[in-house]
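The values are calculated or read from the model by the stated rules, or taken from the named source; none is laboratory data. All of these numbers come straight from a predicted model, not from anything done at the bench. Here the Cβ positions follow ideal geometry from the backbone for every residue, glycine too, while neighbour counts run over all protein chains shown.
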Amino acid sequence: MNDLLYKEEVYDLVGMCMEIHRILGKGFSEIVYKDALEYECKSRNYQFNREKEFQIQYKDIILKHNFYADFVMFDKIILEIKSCESICDAHIGQTLNYLAASKLRVGLIINFGKDSLEYRRIVL
């Protein structure tokens, strides 16, 4: 069995998000969880970019509208924050598109909207 790509980093990120969920609980808007996540990343000296902008190439041009990943962690993991009933196919599709456009390989969808933290690891 092969090792998971960025296994340790994903494990740490999920643990950090579990701590945030334990303290804040469910029910806040995404921006509140993003602010808490930024605080935790800074306190742990994690390398991250919040709202990182990526250009979208279409055929031989760069489109005028970009996308913004909630977080890019360690220059290799896209972290998308949700506060909803459940992670759905649209969230997975969005993260797959972000991975393809960014040329990164691992995405992590975190949903703070349930009684227990919900997450999905996506690999391109």
Within the stretch 75-88, track down each residue that is assigned to a loop (DSSP other than H, G, I, E, B) and out of contact with any Phe, Trp or Tyr (no Cβ under 7 Å at 6 or more places or on another chain). Asp75, Cys84, Glu85, Ser86, Ile87, Cys88
Count - residues of the stretch 85-94 that are modelled with pLDDT of 95 or more, within 12 Å of the chain's Cα centre (by Cα) and either under 20 Å from Asn66 (Cβ atoms) or aromatic (Phe, Trp, Tyr) (or both): 1
Residues Ala90, Ala100: which one is loosely packed, with under 15 Cβ neighbours inside 10 Å and within 25 Å of Tyr11 (Cβ to Cβ)? Ala100
From the set of residues in the stretch 96-119 that are without any contact (Cβ under 8 Å) to a residue 40 or more places away in the chain and outside any loop (DSSP other than H, G, I, E, B), which is nearest to Ile78 (Cα to Cα)? Gly107
Hey, could you check the stretch 103-120 for residues that are surrounded by fewer than 17 Cβ atoms within 10 Å (Cβ to Cβ) and of a type outside the set (Ser, Thr, Tyr) and say which is nearest to the chain's Cα centre (by Cα)? Arg120
Within the stretch 1-13, residues exposed (fewer than 15 other Cβ atoms within 10 Å of the Cβ) and in contact with a strand residue (DSSP E or B) (Cβ under 9 Å, 6 or more places away or on another chain) come out as Leu4, Leu5
Considering only residues that are under 17 Å from the mean Cα position of the chain (by Cα) and more than 16 Å from Ile109 (Cα to Cα), which ones fall in the stretch 50-65? Glu53, Phe54
For the stretch 68-114, which positions are more than 18 Å from Leu37 (Cα to Cα) and either among the charged types (D, E, K, R) or in contact with a helix residue (DSSP H, G or I) (Cβ under 6 Å, 6 or more places away or on another chain) (or both)? Glu85, Asp89, Lys103, Arg105
Exactly one condition in (1) of a type outside the set (Val, Ile, Thr); (2) touching a strand residue (DSSP E or B) at 6+ places or on another chain (Cβ under 6 Å); (3) within 17 Å of Cys41 (Cβ to Cβ) is false for Lys76; which is it? (2)
Restricting attention to the stretch 9-25, and to residues there that are of a type in the set (D, E, K, R) and farther than 13 Å from Tyr46 by Cα, which single residue is farthest from the chain's Cα centre (by Cα)? Arg22
